[in-house]
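Working notes, beginning with the structure itself.
The values are calculated or read from the model by the stated rules, or taken from the named source; none is laboratory data. Note that the structure is predicted; figures quoted are calculated from it, not measured. Here Cβ is always computed from backbone atoms with ideal geometry, including for glycine, and neighbour counts include all displayed protein chains.
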């Protein structure tokens, strides 16, 4: 894991320091092949996770219709895909969920004769441990789970998970079982990917013991709660929080990667086994991996880009490359961890424990 973060740190340093080596007009842009006209693509992904023109441009280029459906948590994504009731052509699971879905036979192999733009992806994001050879997935965006707070209300600074749990004011936790329980496991000195029921139970007890200030559970809307003034402090995904900070053009809000560490994640594009239009889904993946499209995506979402061609071409905003909340420095990366596949039994236990926490908080 540390080797991966060291390599990732090198990528970030090179991206920040290098001058673009090729002009934007030298990039061979993606062109939609003929034959897709009149078709429909059904995408299952997070909200605010595409640039404003990402989907309209694809629809116009291919003569197709895109239906974009949203989920609010990784747990919701897994439940929907596992149910098989809704049939999506493209889904955007996290790295741990890729491993789970693959193991359950719920994803189909990708066709790289269609996804030729995979060549634009940084080698450090290829052949990952959760999907050797990228048989079932390619990276979409990467980021962290962290804390944001309203500096006009919070007295002092919040720089750690301990600060969050000890804060005397309204707080929102993210609705993600593995993320929140991994924090408790980390603070208790356990493996954030523990499979031990006793340790997971202890993590549950820790969260409940530090939940007096929890006024809400955020299903990917913690940034909205913060912006409205409903919450002083929220736990959310980095890009969602950094988007409101950028849009605000003020110093009211601060995003923090907690000093104890946090999970780093890679969201991936994958095609469900029951997809009705897998070929169009793979063409959309190829489109997303175009340097300009990938840059527009990351510049909008405020998440890290795995598209090395976009970085090399100078298409990623310099302010983003220099933002440690988006591209953390090496010393911060060394404290981070992936949420790995813990197996079906432990995964079910995490879900049950999280549901117990939600029930207790709603009383």
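Can you find, within region 77-95, the residue that is surrounded by the most Cβ atoms within 10 Å (Cβ to Cβ) among those that are farther than 19 Å from residue 126 by Cβ and touching a residue at least 60 places away in the same chain (Cβ under 8 Å)?
Filtering first and then ranking leaves 91.
Going by the conditions given, is residue 294 assigned to a loop (DSSP other than H, G, I, E, B) and either in contact (Cβ under 8 Å) with a residue 24 or more places away in the chain or surrounded by fewer than 23 Cβ atoms within 10 Å (Cβ to Cβ) (or both)?
no
With under 17 Å from the mean Cα position of the chain (by Cα), modelled with pLDDT under 95 and closer than 28 Å to residue 224 by Cα as the only criterion, which of 175, 155 stands out?
175
For region 151-223, list the helices (runs of 4 or more DSSP H) that sit wholly inside it and hold at least 2 residues that are under 17 Å from residue 256 (Cα atoms); which are they?
Those helices (runs of 4 or more DSSP H) span 161-166, 177-187.
Exactly one condition in (1) touching a helix residue (DSSP H, G or I) at 6+ places or on another chain (Cβ under 7 Å); (2) assigned to a helix (DSSP H, G or I); (3) closer than 26 Å to residue 67 by Cα is false for residue 124; which is it?
Checking residue 124 against (1) touching a helix residue (DSSP H, G or I) at 6+ places or on another chain (Cβ under 7 Å); (2) assigned to a helix (DSSP H, G or I); (3) closer than 26 Å to residue 67 by Cα, the one that fails is (3).
Residue 98 versus (1) modelled with pLDDT of 95 or more; (2) buried (at least 22 other Cβ atoms within 10 Å of the Cβ); (3) more than 21 Å from residue 345 (Cβ to Cβ); (4) out of contact with any helix residue (DSSP H, G or I) (no Cβ under 7 Å at 6 or more places or on another chain): which is the lone unmet condition?
Failing condition for residue 98: (3).
Find the residue count for region 229-273, including only residues that are in a loop (DSSP other than H, G, I, E, B) and either under 28 Å from residue 162 (Cβ atoms) or out of contact with any helix residue (DSSP H, G or I) (no Cβ under 9 Å at 6 or more places or on another chain) (or both).
Total satisfying the criteria: 14.
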